[in-house]
1. Would you please give the FRET efficiency between residue 242 and residue 152, computed as 1/(1 + (r/R0)^6) with r the Cβ-Cβ distance and R0 = 22 Å, to the nearest 0.05?
2. Measure off 7 Å from each Cα along the Cα-to-Cβ vector at residue 79 and residue 196, then give the distance between these two points in nanometres to one decimal.
3. Using the Cα atoms of segment 32-254 to build a convex hull, what is its mean projected area in square nanometres?
4. Helix-only estimate, please: 222 nm mean residue ellipticity of the chain, summing -39500 (n - 2.57) across DSSP H runs of length 4 or more and dividing by its residues, to the nearest 500.
5. In which sequence would 165, 190, 177 go, from the one with the fewest C-beta neighbours within 10 Å to the one with the most?
6. When a footprinting reagent is the concern and you count Cβ atoms within 10 Å, what order do 1, 28 take, fewest first?
7. For segment 1-41 and segment 153-225, what is the separation of their C-alpha centers, rounded to whole Å?
8. Taking 8 Å as the Cα distance limit and 6 or more residues as the minimum spacing, I'd like the relative contact order of the chain as a percentage.
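All of the numbers you see were taken from the coordinates with simple rules; none came from a lab. Note that the structure is predicted; figures quoted are calculated from it, not measured. Every residue, glycine among them, receives a Cβ derived from its backbone with ideal geometry; neighbour counts consider all protein chains shown.
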């Protein structure tokens, strides 16, 4: 694990599996900030997934597709958030923690959808034989982000180029939708964990051990999740709404 920042080190964070005999490699920059704690939990969610999948699968079947790959990392963030909320005594800090959890969930679900829709539109334009010059990409980016933010804020003019700093668009096309899928699934798993942790734990370990040997639908079926059912996704959004209520309640209490 490469955890401490230093001159010349890349920003961001990632985890990659190596082999059955070498533990996963994690890179991040820990600076004692709240976001660093969340990042640490996220990357070790990946690492745990990699270790258990490598131990129980072949090298060709351990790696999952990108939607499921982001589920254990996002779920680990929820567990870390719970620990922080349960052990914090200051009302103002509790409100900040709950608000950060809510905002992170919104970013993972809604903003990643914005990014995916931008990508869809860009490829649609290109498939029609039209030019994808910087100016046209700027327009598409601005239009999709404007739908998300509405009149809640004024986007700075320079944000027309916001698409250009996101490496996923180049290195792993349509990756961003995986974050939205994973965030919603992690909310569903988080609910089942809270309802009955003892029953949940062995099923969750089996999910991690399965790696990429089965489809997301099959891996998640033991939790009573039907990915083709609208009710499943409604349940996920209900859990998200519970985060909203928690943040509003704690914020109100911190001002009393």
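1. 0.50
2. 2.0 nm
3. 14.9 nm²
4. Counting only the DSSP helices, I get -21000 deg cm²/dmol.
5. 165, 177, 190
6. Ordered by Cβ neighbours within 10 Å, fewest first: 1, 28.
7. 19 Å
8. 24 percent.
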